[in-house]
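This report concerns only the one structure given below.
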Amino acid sequence: MLKLYGQYRSRAFRVAWLCKEANIPYEHHNVTINVEGATAKAPWYAALNPNQRVPTIDDDGVVMWESAAINLYLAEKYKCPLWPKDIAGKARMLQWTFYIANDIEQPMITVMRHRNMLPPEQRNAKLADDAEQQLTPRMQVMEDYLAKNRNFDGDAWGMADFMVASVTYSMWINKFALLGKFPKFKVWLDASVSRPAAQEARKLRE
Ligand SMILES: N[C@@H](CCC(=O)N[C@@H](CS)C(=O)NCC(=O)O)C(=O)O
C-alpha cells in the first residue's frame, strides 16, 4: 500500500488531498518537522528523503519526494478523474504546475512567514512587502485568466486547478490579505477548498 510520510500540517496535505480526489488508500506516517526531535531529521527518514523535509511517498518501492512531482505521479498512476483527457489538457496542467512552483510559491511563503507565521520579533516587514510586490502582478495573471475561463483547466475543474489550489490553499488557510485584490481568484479558491475531497483532507489537519 502507498505510504505517505509527513505531518498533515505541511505540504503533505497536498498529497493527502490528491489521494482523496483519486480515491487512493494510503498508510500515513506522521513524520514531524520544526519541533525538537523532529522525525524528519532521523537517519531512517534521511535514507528515504535526503532533504529531510516532507512529504515523501513510498509507493510499493517507488520512493519519491517533491509534493508537485508526487501528485502528478500519483494522479497518472492511479487514474485520477482529474487527469487530463488530451494533450491540450496536459499542456494546461504542466503550465500551471510550473507557474505555481516557480513564480508563486516562494513569494507566497515569504509573505506568509513574515506577516503571519514567524514570532512577531522575527518578522521582517520589508521582506514581506517586497515579496508582495513581486506576487501582485503574478496573481493578476491568474485573475485575468479566470476572467476569461471558469477554471484553470477550462470548463471543468481539472488537474491544472488541483495543482494551483493545492499550493494556494496556504493563502486561504492563512486568510491572505492579498486575496482581497483578486476577487475572481478568491471565488475560485473558495470553491476549490470546498470540494468534498478537499474537505476530507482538511479534516486531517485539525
Ligand atoms: N519543494 C518541496 C518542499 C518541501 C518542504 O519544504 N517541506 C517543509 C514542510 S511544508 C519541511 O519539511 N520543512 C522542514 C524543514 O525544512 O526542516 C516540496 O514541495 O515537497
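The values are calculated or read from the model by the stated rules, or taken from the named source; none is laboratory data. The structure displayed is predicted, hence computed values, not measured ones. Glycine gets a Cβ as well: all are built from the backbone with ideal geometry, and neighbour counts include every protein chain shown. In case anyone asks, the SASA skips ligands and DNA or RNA and just uses the protein heavy atoms, side chains included. Shrake-Rupley method; radii C 1.70, N 1.55, O 1.52, S 1.80 Å.
Values as computed for the structure displayed
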{"item": "Wholly enclosed helices (runs of 4 or more DSSP H) of region 13-113 bearing at least 1 residues open to solvent by less than 60 Å² (accessible area, probe 1.4 Å) and more than 13 Å from the ligand (Cβ to nearest atom)", "result": "67-77, 87-99, 105-112"}
{"item": "Of all residues making up region 117-135, the number that are surrounded by 15 or more Cβ atoms within 10 Å (Cβ to Cβ) and either touching a residue at least 40 places away in the same chain (Cβ under 8 Å) or within 16 Å of the ligand (Cβ to nearest atom) (or both)", "result": "2"}
{"item": "Set Ser166, Ser170, Ser192: member being open to solvent by 10 Å² or more (accessible area, probe 1.4 Å) and hydroxyl-bearing (Ser, Thr, Tyr)", "result": "Ser170"}
{"item": "Meets criteria (among the aromatic types (Phe, Trp, Tyr), in contact with a Ser or Thr (Cβ under 8 Å, 6 or more places away or on another chain) and open to solvent by 10 Å² or more (accessible area, probe 1.4 Å)) for Trp157", "result": "yes"}
{"item": "Residue in region 1-9 that is among the basic types (Lys, Arg), within 15 Å of the ligand (Cβ to nearest atom) and open to solvent by less than 60 Å² (accessible area, probe 1.4 Å) present", "result": "no"}
{"item": "So Lys184, is it modelled with pLDDT of 95 or more and loosely packed, with under 15 Cβ neighbours inside 10 Å", "result": "no"}
{"item": "Residue match in region 155-166 (condition: modelled with pLDDT of 95 or more, outside the structural domain of Glu105 (by TED's automatic domain parsing) and acidic (Asp, Glu))", "result": "no"}
